[in-house]
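First the structure, in the form of structure tokens, and then the observations on it.
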Amino acid sequence: MDFALDDRTEELRTELLAFMDGRVVPARATFEAQMLELDDPWAWSTVPVLDELRAEARRRGLWNLFLPGETGGQQYGAGLTNLQYAPLAEVTGRLGRLAPAVLNCSAPDTGNMEVLAMFGTPEQKERWLAPLLEGRIRSAFAMTEPDVASSDATNISTSIRRDGDSYVVSGRKWWITGAMNPECEVFVVMGKTDPDADRHRQQSMVLVPRDAEGLEVVRPMEVFGYDDRDHGGHAELAFHDVRVPAGNLVGEEGAGFAIAQARLGPGRIHHCMRAIGVAEAALEAMCARASERVAFGRTLSEQGVVRDWIAESRVRIEQLRLLVLKAAWLMDTVGNKGAHTEIQAIKIATPATVEWILDKAIQVHGAGGISQDFDLAAAWAGNRTLRFADGPDEVHKNALAKAELRRHAV
């Protein structure tokens, strides 16, 4: 078995590390200061230093790395496989939310660009995909709803009704990431076009422009007290008979559930590898803090329980990384369906493992660990949400167990 990175991945990783250490890390304080000066606090993507970093990322060939090369006969992105992109996503995860934004690799734009690249019409690609690839606009994915258990996507109740040459959208959504950003110009909305069809063929997706009449941004949502304005925030939306052209349908009627599944596969690799980067940063911070703080006459690094946490953290990170890379490799070689078990496994294992490591890093930092002086509290809150994002733990465990039971059935 060969665990080495291929030449192109190694070259990109080396370039990315140099860029992160030399330019992005020193710019974090400037980014945060310029965020405070914004007239619109949600407009993170308009911060001047971010434009400078993005321009340099493009010059260095570190732009849209998440997209595979050819999709639907057209060339997009850097042409990397899931396995090639995964180590790069880990690098960005170590630096929080700024790094993916610099490379135009931020969720939910990444998933929306994948949807448009795979299922969009030429007109949709020209109007929405092209400016997203350029980083000139942002987007949001509107699926989760307040009135139903959205862990079962077939519960989605928002109505998408055909009316002549239009679709009329009615319903409520919430936790729509990026929706507070004024540069978010399009929403990929999932709703029901045929409630009487097979339960997995009832849903469809349409593109709703931000300025569509009847679209209301009701309020921002907070995550454990954080407003997450540094990546556009999350919002509750109301669609009051919003009318869009029939040409805004993504794919075909009844394909919404399948498109959502296609969107989530690569996204889980991205989320998990970035989370591993978060864990690496937390372990590094844990070791530094343990070496410099003294309690009861010894540094924390000399305390047995702290050494146990550090050792366990390293073991768990290495285990997790191998599992995620295996899932990425399977997606590349046998497709998302063939990698279904591993995709579910990483979705279950990653947030819980990283949560454990962050918890220990917070303990080692004492009161500082829950303060705004370190990145740990915000990282914990962000990571904890991953146990809901793209489906809660329990849904994935149930599906994985059913598949395992079938595999062992006599």
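Summary of values
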{"read-out": "Pair list, Cβ under 6 Å, 6 or more apart: the stretch 250-267 residue under 13 Å from Val188 (Cβ atoms), other residue outside any helix (DSSP H, G or I)", "value": "Val250/Met205; Gly256/Met190; Gly256/Gln203; Gly256/Ser204; Gly256/Met205; Ile259/Met205; Ile259/Gly251; Leu264/Asp390"}
{"read-out": "Residues of the stretch 85-125 satisfying the condition of being small (Gly, Ala, Ser) and at negative phi", "value": "Ala86, Ala89, Gly93, Ala99, Ala101, Ser106, Ala107, Gly111, Ala117, Gly120"}
{"read-out": "Residue among Gly369, Gly338 that is in the same structural domain as Val278 (by TED's automatic domain parsing), at pLDDT below 95 and of a type outside the set (A, V, I, L, M, F, W, C)", "value": "Gly338"}
{"read-out": "All positions within the stretch 270-298 that are over 19 Å from the mean Cα position of the chain (by Cα), surrounded by fewer than 24 Cβ atoms within 10 Å (Cβ to Cβ) and touching a residue at least 12 places away in the same chain (Cβ under 8 Å)", "value": "Leu283, Ala285, Cys287, Arg289, Ala290, Arg293"}
{"read-out": "Candidate set from the stretch 24-51 (those that are under 23 Å from the mean Cα position of the chain (by Cα) and not hydrophobic (A, V, I, L, M, F, W, C)); member that is nearest to Ala101 (Cα to Cα)", "value": "Ser45"}
{"read-out": "Odd one out for Pro87 among (1) surrounded by fewer than 22 Cβ atoms within 10 Å (Cβ to Cβ); (2) out of contact with any helix residue (DSSP H, G or I) (no Cβ under 6 Å at 6 or more places or on another chain); (3) part of a helix (DSSP H, G or I)", "value": "(2)"}
{"read-out": "Every residue from the stretch 299-308 that is touching a residue at least 12 places away in the same chain (Cβ under 8 Å) and of a type in the set (Val, Ile, Thr)", "value": "Val306"}
{"read-out": "Hits in the stretch 358-403 (condition: part of a loop (DSSP other than H, G, I, E, B), of a type in the set (Phe, Trp, Tyr) and under 19 Å from the mean Cα position of the chain (by Cα))", "value": "Phe388"}
{"read-out": "The one condition in (1) without any contact (Cβ under 8 Å) to a residue 40 or more places away in the chain; (2) closer than 26 Å to Leu129 by Cβ; (3) surrounded by fewer than 14 Cβ atoms within 10 Å (Cβ to Cβ); (4) not β-branched (Val, Ile, Thr) that Asp196 fails to fulfil", "value": "(2)"}
{"read-out": "Total residues in the stretch 128-152, condition touching a Pro at 6+ places or on another chain (Cβ under 9 Å) and assigned to a loop (DSSP other than H, G, I, E, B)", "value": "2"}
{"read-out": "Which listed residue is of a type in the set (S, T, N, Q), part of a helix (DSSP H, G or I), touching a Gly at 6+ places or on another chain (Cβ under 9 Å) and modelled with pLDDT of 95 or more, from Thr92, Thr9", "value": "Thr92"}
{"read-out": "Selected residue (only one of Ser170, Ser106, Ser151, Ser159 is within 28 Å of Ile357 (Cβ to Cβ) and either touching a His at 6+ places or on another chain (Cβ under 7 Å) or modelled with pLDDT of 95 or more (or both))", "value": "Ser106"}
{"read-out": "Odd one out for Ser170 among (1) surrounded by fewer than 16 Cβ atoms within 10 Å (Cβ to Cβ); (2) of a type in the set (Ser, Thr, Tyr); (3) in contact (Cβ under 8 Å) with a residue 40 or more places away in the chain", "value": "(1)"}
{"read-out": "Considering residues of the stretch 100-123 that are buried (at least 19 other Cβ atoms within 10 Å of the Cβ) and polar (S, T, N, Q) only, the residue nearest to Gly267 (Cα to Cα)", "value": "Thr110"}
{"read-out": "Selected residue (criterion: nearest to Met190 (Cα to Cα)) from residues of the stretch 131-176 that are under 23 Å from the mean Cα position of the chain (by Cα) and of a type in the set (Gly, Ala, Ser)", "value": "Ala142"}
{"read-out": "Lone qualifier among Ala352, Ala379, Ala311, Ala399 - being modelled with pLDDT of 95 or more and over 23 Å from Gly96 (Cα atoms)", "value": "Ala311"}
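For every residue, the table says whether it meets (1) buried (at least 22 other Cβ atoms within 10 Å of the Cβ); (2) under 30 Å from Gly366 (Cβ atoms); (3) assigned by TED's automatic domain parsing to the domain that holds Leu376.
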position: His200; (1), (2), (3): no, no, no
position: Glu216; (1), (2), (3): no, no, no
position: Glu222; (1), (2), (3): no, yes, no
position: Ala262; (1), (2), (3): no, no, yes
position: Arg268; (1), (2), (3): yes, no, yes
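The values are calculated or read from the model by the stated rules, or taken from the named source; none is laboratory data. Given the structure is predicted, the values throughout are model-derived calculations rather than measurements. Please note: Cβ atoms are built from the backbone with ideal geometry, for glycine as well, and neighbour counts cover all protein chains shown.
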